[in-house]
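The values are calculated or read from the model by the stated rules, or taken from the named source; none is laboratory data. Everything quoted here is computed from the prediction, not taken from an experiment. As a convention, Cβ positions derive from the backbone with ideal geometry for all residues, glycine included, and neighbour counts pool all protein chains shown. Remember, those area values only see protein heavy atoms, side chains included, never the ligands or the DNA or RNA. Shrake-Rupley method; radii C 1.70, N 1.55, O 1.52, S 1.80 Å.
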Amino acid sequence: MTETLSQLRRIAQNPTLSFKQKEHALAVEAENMLPYVLLDAETRAALDARIICDMYEGNAPYKPRYVLPDYEVVLKNGSTHLELPKPETLDEAINTLQIAYHHVPSVTGMPVFIGHLDALLLPFCDGVSDDELYRKIKLFWRYIDRVLPDAFLHADIGPTDNRVARAILRADAELKQVAPNLTFLYDPEVSGEDILRLCTDNIIACSKPHIANHPIHREVFDEPGYAIVSCYNALPLRGGAASLARINLKKVAEASSGEADFLDVQLPRYVHLNARLMRARVDYLFRQSGFFDGNFLVEEGWIDRDRFTAMFGIFAMAEAVNHLQDLAGRPGRYGHDAAANELGHRISARLAELVEREPMEHVWRGVAMLHAQAGLSSDAGTTPGVRIPYGSEPDPVSHVQALLPHHKHYLSGVSEILTLDETVRSNPEAVFQLAKGALQLGFREFTANVTGNDLVRVTGFMIRLSDVKLYNAARGSRVNTTALGAEAAETVHILDRKPRVVGLELMAGSGV
Amino acid sequence: MSDGVAAVSKFLTWSVVDGPGNRFVLFLQGCNYHCVTCHNPHTIGVCSDCGACVAVCPSGALKKSGRKVVHDPGPCISCDSCLSACPTRANPMVRRMTVNDVLELLRRNAPFLNGLTVSGGEATLHLDFLIDLFTAIKAAPDLAHLTLFIDSNGNLPAEGWQRVLPVTDGVMLDIKAFDPERHRRLTGADNDLSLASARLLAEAGKLYELRFLMIPGETDSPEEISALSALAHELGPHTRLRLNAFQHHGVRGPAATWAPMPRAGVEAAAGVLQASGLAEVVLPSVWLP
Ligand code: SF4
Ligand code: SF4
């Protein structure tokens, strides 16, 4: 108890935390003073060894991890609980949404989903000029970024090409804010290439939006559909995800004597233990926390307790494959070698099969959904999801080709980021073609970052800017190293994340 | 030398700096210029199978097999030691590829591609291969959407262009220098063919881009820039002109000690060219530190 008290005191007196952050940290500590949800000894041991991981969601899950309200409900009916009339104008609709966001719980304390904004707002746009619409969206965007500054807060637009989606894309490229995050749901039958091109131009301007493969996602979900939220999770709309627990594939590989042992013994064992962990946490949320009882979100139909899935996460595929390659004495590395890549694809297929065999009560459709999980900031020595380790990624086309066969297995999302060097800025057509190709071949989500990448292809060959710098520096006095440093800083300047806005979900202990 | 086979030093499935959109780039081995400023000097020579590179390979990827030097990509660690060891600026990792090999690679990557650019070395040294390859692509319904470009130094007579242009969509042409003496000194060859090629290609509507490498103290002089301006105007004020800046990367020999081209100098030249009424002057999209 004294240890806990001094921890609470440390938080209360910490000069670097804001009032809000203290409040949240104290709440997390308080939750964790309660005993952990009931686990059997074997599951507990796997959790303590962090072979399976609860994302530090807290000892007593009293809110779902991700909540995806159907905001159409409040826009159509208003809210008795919030004493909101049905909105009639665009201003009223935006105002209603802004109020609604404050009542949506999630793991980060901020909503991870703020709606299919174009579909929600279009009915209010009659008689609103394009210019007026754009100005209102800009104010709305500023509000979100300043009041709900979380990089995981997510808006969806598409699949149609419409005025609101265009106004949003225009404002988003102009403001270059971290929040909200944005996904365009692309359907080649409906969207048209014009808006896809707008999206890829925006990616060059601000690394947003993400482009979701709408036909592939739509197939997975029933009415009223799905949304992409947070770090590219595809989840049931009017529900969400009750919980997320994940397996560290690297540790499972390290516990294996070889590929066969991994696939036939260890992986089934840890999938089963992770499923047990998830069941215990989901059970607590549904049967003990009282979250769904007397909750106006449920009563007014914003959410439905039957539409919460459980996300079965995995990460460190790259390290697992490379370890198994080492055990087999094969030199090929994940992301580069065809045999290593195929081993990865087999592991994903096996995971999908195993997860399908673990029934789960309370959960939408009775089984968890597989997810390639993007990682926590505390993960060291592991690569998120099924990604290729940072710094060793092949060119974007080979990259997509290497990962493509994984995508069909990760029904609740696979978080993949393609890093494009700055030369694409002068050739937007290439990004468009890359996105189109990836989506056409079945990539679930297309996400690209244009960064001040160290690795740049100048002519036929890739070079590292840092190598050039070293080389120049070694040539001695004629070159002014200070000027070099300054010039390099100028070349490699992008994506300085604003400290005011953080990726809350990356922090252990369910964030701030 | 075709027989439907060419010596390929490298290929890329992703290139955004070799023409419009994402391009598959095929680098063919061998060049008829010997530019002191070449940043890929190992693409210049043709391998004589002398074997000098075999001894320096740390991974056993190079072997002498009969008279031939053979490269095994499996153990190769891409250290490039063999390239520096080669006395003739050749590359033992070059592979011989048929037109069908290339078609197969294109098919595998087609959804991601806007086109194909054949570069070098000097691509037009493999003229028969180019014609065979381009004709086959144009005839294949699943590849016909690809635009076909050649990256060339222009050292090809009109008869050569006439053979390949009907199946070519665009050419990126490098002019190395305007002063004839300077051109000889920098490249080991005369520039009259290259200048004639520029005119011929523009006339045929196939000149996608004119490229000019700025080297301090050589091609950045007011005379060179005004000659460039005059040529571009003669070809038409809408000629797309790309200025490149000389850098050391990859350069071997005396030019490795030359100063790199400063950004300010390139921008000043671009200013002059734009002021003269040229519509499209393109600068390097990334500046090396
Ligand atoms: S690549 Fe160069 S060193 Fe190697 S065998 Fe050929 S000519 Fe000789
Ligand atoms: S790059 Fe050349 S020297 Fe290096 S391992 Fe490969 S073949 Fe051998």
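Quick one: would you say B:Ala123 is farther than 25 Å from B:Asp142 by Cα, more than 10 Å from ligand 2 (Cβ to nearest atom) and either open to solvent by less than 40 Å² (accessible area, probe 1.4 Å) or among the basic types (Lys, Arg) (or both)? Write out each step before concluding.
Numbers: farther than 25 Å from B:Asp142 by Cα: no; more than 10 Å from ligand 2 (Cβ to nearest atom): yes; either open to solvent by less than 40 Å² (accessible area, probe 1.4 Å) or among the basic types (Lys, Arg) (or both): yes.
The answer is no for B:Ala123.
From A:Leu26, A:Leu39, grab the single residue that is surrounded by 12 or more Cβ atoms within 10 Å (Cβ to Cβ) and under 24 Å from A:Arg276 (Cβ atoms).
Numbers: A:Leu26 fails: under 24 Å from A:Arg276 (Cβ atoms).
Sole residue among the options that is surrounded by 12 or more Cβ atoms within 10 Å (Cβ to Cβ) and under 24 Å from A:Arg276 (Cβ atoms): A:Leu39.
Among the residues of segment A:224-246, count how many are of a type in the set (D, E, K, R) and either in a strand (DSSP E or B) or farther than 18 Å from A:Val363 by Cβ (or both).
So the answer is 1.
Filter segment B:72-90 for residues that are open to solvent by less than 60 Å² (accessible area, probe 1.4 Å) and within 14 Å of chain A (Cβ to nearest Cβ); which is farthest from ligand 1 (Cβ to nearest atom)?
Step one: list which residues in segment B:72-90 are open to solvent by less than 60 Å² (accessible area, probe 1.4 Å), which gives B:75-76, B:81-83, B:85-86, B:90.
Okay, now just the ones that are also within 14 Å of chain A (Cβ to nearest Cβ), so B:75-76, B:83.
Working: B:Pro75: 17, B:Cys76: 13, B:Leu83: 8 Å.
Of everything passing the filter in segment B:72-90, B:Pro75 is farthest from ligand 1 (Cβ to nearest atom).
For segment B:142-156, which positions are surrounded by 21 or more Cβ atoms within 10 Å (Cβ to Cβ) and of a type in the set (Ser, Thr, Tyr)?
Once the filter is applied, which keeps residues that are surrounded by 21 or more Cβ atoms within 10 Å (Cβ to Cβ) and of a type in the set (Ser, Thr, Tyr), segment B:142-156 yields only B:Ser152.
Being open to solvent by less than 20 Å² (accessible area, probe 1.4 Å) and in a loop (DSSP other than H, G, I, E, B) is the filter; apply it to segment B:157-180 and report the residue that is nearest to B:Ala196 (Cα to Cα). Let's see the steps before the verdict.
First pass over segment B:157-180, keeping only residues open to solvent by less than 20 Å² (accessible area, probe 1.4 Å): B:160-161, B:164-165, B:168, B:170-173, B:175, B:177.
Among the residues that remain, those that are also in a loop (DSSP other than H, G, I, E, B) are: B:168, B:177.
Details: B:Thr168: 18, B:Ala177: 14 Å.
Step by step, filter segment B:157-180, then rank; the result is B:Ala177.
Kindly provide the set of residues from segment A:433-453 that are hydrophobic (A, V, I, L, M, F, W, C) and in a strand (DSSP E or B), ordered by number.
Within segment A:433-453, the first condition is being hydrophobic (A, V, I, L, M, F, W, C), and the residues that meet it are A:434-435, A:438-439, A:441, A:443, A:446, A:448, A:450.
Of everything in segment A:433-453, those that are hydrophobic (A, V, I, L, M, F, W, C) and in a strand (DSSP E or B) turn out to be A:Phe446, A:Ala448, A:Val450.
What is the residue count in segment A:152-176 for residues that are part of a loop (DSSP other than H, G, I, E, B) and buried (at least 22 other Cβ atoms within 10 Å of the Cβ)? Walk me through it before giving the result.
Filtering segment A:152-176 for residues part of a loop (DSSP other than H, G, I, E, B) gives A:152-153, A:158-162, A:176.
Next, only the ones that are buried (at least 22 other Cβ atoms within 10 Å of the Cβ) stay: A:152-153, A:158-159.
Residues in segment A:152-176 being part of a loop (DSSP other than H, G, I, E, B) and buried (at least 22 other Cβ atoms within 10 Å of the Cβ): 4 in total.
For A:Ile203, which of the numbered conditions (1) modelled with pLDDT under 95; (2) open to solvent by less than 10 Å² (accessible area, probe 1.4 Å); (3) over 20 Å from A:Asp421 (Cβ atoms); (4) of a type in the set (A, V, I, L, M, F, W, C) fails to hold?
(3)
One residue is enough: does segment A:184-194 have a residue meeting the conditions open to solvent by less than 10 Å² (accessible area, probe 1.4 Å) and touching a Phe, Trp or Tyr at 6+ places or on another chain (Cβ under 6 Å)? Walk me through how you get there before you give the answer.
At the first step, the residues of segment A:184-194 found to be open to solvent by less than 10 Å² (accessible area, probe 1.4 Å) are A:184-185, A:187, A:191.
With touching a Phe, Trp or Tyr at 6+ places or on another chain (Cβ under 6 Å) added as a condition, the list becomes none.
There is no residue in segment A:184-194 that is open to solvent by less than 10 Å² (accessible area, probe 1.4 Å) and touching a Phe, Trp or Tyr at 6+ places or on another chain (Cβ under 6 Å).
Could you identify the single residue in B:Leu133, B:Leu125 that is more than 16 Å from ligand 1 (Cβ to nearest atom), over 24 Å from B:Asn22 (Cβ atoms) and assigned by TED's automatic domain parsing to the domain that holds B:Val17?
After applying the criteria, what remains is B:Leu125.
Counting only residues that are hydroxyl-bearing (Ser, Thr, Tyr) and more than 30 Å from A:Val431 (Cα to Cα), which one in segment B:11-61 is nearest to ligand 2 (Cβ to nearest atom)? Steps first, please.
Keep residues of segment B:11-61 that are hydroxyl-bearing (Ser, Thr, Tyr), which gives B:13, B:15, B:33, B:37, B:43, B:48, B:59.
Remaining after also requiring more than 30 Å from A:Val431 (Cα to Cα): B:33, B:37, B:48, B:59.
On the way: B:Tyr33: 25, B:Thr37: 23, B:Ser48: 16, B:Ser59: 4 Å.
The extreme case among them is B:Ser59.
When B:Ala202 is evaluated against the numbered criteria (1) aliphatic (A, V, I, L, M); (2) surrounded by 22 or more Cβ atoms within 10 Å (Cβ to Cβ); (3) under 29 Å from B:Ile225 (Cα atoms), which criterion, by number, is the only one it fails?
Every condition holds for B:Ala202 apart from (2).
In the list B:Asn109, B:Asn91, which residue meets the criterion of being within 16 Å of ligand 2 (Cβ to nearest atom), on the phi < 0 side of the Ramachandran plot and in contact (Cβ under 8 Å) with a residue 24 or more places away in the chain? Spell out how you get there, then give the answer.
On the way: B:Asn109 fails: within 16 Å of ligand 2 (Cβ to nearest atom).
On inspection, the qualifying residue turns out to be B:Asn91.
Sort through B:Leu28, B:Leu62, B:Leu105, B:Leu12 and tell me the only one that's within 13 Å of chain A (Cβ to nearest Cβ), within 16 Å of ligand 1 (Cβ to nearest atom), open to solvent by less than 60 Å² (accessible area, probe 1.4 Å) and of a type in the set (A, V, I, L, M).
Working: B:Leu62 fails: within 13 Å of chain A (Cβ to nearest Cβ); B:Leu105 fails: within 16 Å of ligand 1 (Cβ to nearest atom); B:Leu12 fails: within 16 Å of ligand 1 (Cβ to nearest atom).
Step by step, each of B:Leu28, B:Leu62, B:Leu105, B:Leu12 is checked, and only B:Leu28 is within 13 Å of chain A (Cβ to nearest Cβ), within 16 Å of ligand 1 (Cβ to nearest atom), open to solvent by less than 60 Å² (accessible area, probe 1.4 Å) and of a type in the set (A, V, I, L, M).
For segment B:37-59, which positions are among the polar types (S, T, N, Q) and near ligand 1 (Cβ under 9 Å from one of its atoms)? Please lay out each step first, then the result.
Here is the first cut: in segment B:37-59, the ones among the polar types (S, T, N, Q) are B:37, B:40, B:43, B:48, B:59.
Result: B:Ser48, single match.
Can you confirm whether B:Ser48 is open to solvent by less than 40 Å² (accessible area, probe 1.4 Å), closer than 22 Å to B:Glu122 by Cβ and either at pLDDT below 95 or over 19 Å from the mean Cα position of the chain (by Cα) (or both)?
no
Checking the structure you have, find out if any residue of segment B:91-99 is surrounded by fewer than 21 Cβ atoms within 10 Å (Cβ to Cβ), within 21 Å of B:Lys206 (Cα to Cα) and away from ligand 1 (no atom under 16 Å from the Cβ).
Taking every residue of segment B:91-99 in turn, none turns out to be surrounded by fewer than 21 Cβ atoms within 10 Å (Cβ to Cβ), within 21 Å of B:Lys206 (Cα to Cα) and away from ligand 1 (no atom under 16 Å from the Cβ).
Filter segment A:363-386 down to residues that are in contact with a strand residue (DSSP E or B) (Cβ under 8 Å, 6 or more places away or on another chain), of a type outside the set (A, V, I, L, M, F, W, C) and more than 24 Å from A:Leu237 (Cα to Cα), then give me how many there are.
4
In segment B:226-237, how many are more than 22 Å from the chain's Cα centre (by Cα) and either assigned to a helix (DSSP H, G or I) or acidic (Asp, Glu) (or both)?
So the answer is 6.
Please pick out the residue among A:Glu254, A:Glu299 that is open to solvent by 60 Å² or more (accessible area, probe 1.4 Å) and within 24 Å of A:Ala49 (Cα to Cα). Break it down into steps so the answer makes sense when it comes.
Working: A:Glu299 fails: within 24 Å of A:Ala49 (Cα to Cα).
Result: A:Glu254 is the single residue among A:Glu254, A:Glu299 that is open to solvent by 60 Å² or more (accessible area, probe 1.4 Å) and within 24 Å of A:Ala49 (Cα to Cα).
Give segment A:397-432 a look and list any residue that's part of a helix (DSSP H, G or I), within 11 Å of chain B (Cβ to nearest Cβ) and open to solvent by less than 10 Å² (accessible area, probe 1.4 Å), or say none. Break it down stepwise before answering.
First, the residues of segment A:397-432 that are part of a helix (DSSP H, G or I): A:397-407, A:422-426, A:428-432.
Then keep just the ones that are within 11 Å of chain B (Cβ to nearest Cβ); that gives A:397-401, A:404, A:422-426, A:428-432.
A:Val397, A:His399, A:Val400, A:Thr423, A:Val424, A:Ala430, A:Val431, A:Phe432, listed by residue number.
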